[in-house]
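In what follows, a structure is listed as structure tokens, so that the remarks can point back to it.
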């Protein structure tokens, strides 16, 4: 488990490119037959991926020791969205078949969790966010058709996109974890522009469906003190509550967003007009 400390906005202003990447960019999400984990002190979210190829991968009880508990989900909830081939996730003896672009929410208290791919030639890629929890809610599979969609932007401004909200109160109850997947429409390359912050929540963006020679220029920082990161396929960016989180791609892409914090109001955003960005 890699640990990232919380970074003050004033400190972030002093960082060079390498420093920004070290603190905010997660460059490796998927590794063969492994569970990757990055623990951020920002709202104590854990971000990572599971890619079972040759064997079943198990969320071992030892992971709980790193959190000071007896097993990993003793005091946490977790959400998975599959961006690879078909998977089977088994939770306390119950198997869930999770196809590409399908999701699984697992509530606090689940002890035995394992992952396998249906076809090792087309392995599953299970991206996850995990957050502290105070109550156990039922495990639930969510398909793309069941996700709550909203379309924003327009072709003229190159930001037409459909936001598929998998884990939001309209779809299922969670303690604090929110997750969804945003698909840009053909010809659009901007996401979340005009930009916003939300002082009461942090957010993580995971970019995928990108060619090897493509990148997203991810904008971050305070609205009047912006910085940028070049993000490549299957990488993620940690966004503290003081930072904007927006991007423009050299080609088309898709991204998964996840949030934790004080509330679950999707529209709780502090919008910044484009002329006010610096």
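All of the numbers you see were taken from the coordinates with simple rules; none came from a lab. On a predicted model such as this, the values are computed, not experimentally measured, just so you know. Cβ sites come from the backbone with ideal geometry, for glycine too, and all protein chains shown count toward neighbours.
Below is a table of values for the structure above.
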item	result
Size-normalised alpha-carbon gyration radius of region 1-47, reference 2.2 N^0.38 Å	1.27
Relative contact order (%) - criterion: Cα under 8 Å, at least six apart; region: the chain	17
Percent antiparallel among DSSP beta bridges (both partners in region 2-276, rounded to 5)	95
Gyration tensor (alpha-carbon) shape descriptor, region 18-128, a/c threshold 1.5	oblate
Region 46-201: mean projected area of Cα convex hull, nm²	10.4
Efficiency of FRET from Cβ geometry, residue 34 and residue 141, R₀ 25 Å, rounded to 0.05	0.60
For the chain, calculated [θ]222 nm from helices alone, where every DSSP H run of n ≥ 4 adds -39500 (n - 2.57)	-1000 deg cm²/dmol
Packing-based order for 250-260, 203-213, using average beta carbon neighbours within 10 Å, highest first	250-260, 203-213
Gain in span if fully extended, residue 121 to residue 2, counting 0.36 nm per residue against the direct Cα distance	40.0 nm
Highest average packing first - 31-39, 214-222, Cβ atoms within 10 Å	214-222, 31-39
Equivalent ellipsoid dimensions for the chain as semi-axes, Å, which come from the Cα gyration tensor, largest first	29, 21, 18
Distance between modelled label sites at residue 200 and residue 224, nm, 7 Å Cα→Cβ extension	2.5
Separation of alpha-carbon centers, region 195-230 and region 150-187, rounded to whole Å	16
Mean separation of Cα contacts under 8 Å, 6 or more apart, over the residue count of region 66-129: relative contact order %	43
Fully extended contour minus Cα-Cα distance, from residue 11 to residue 186, at 0.36 nm per residue	59.2 nm
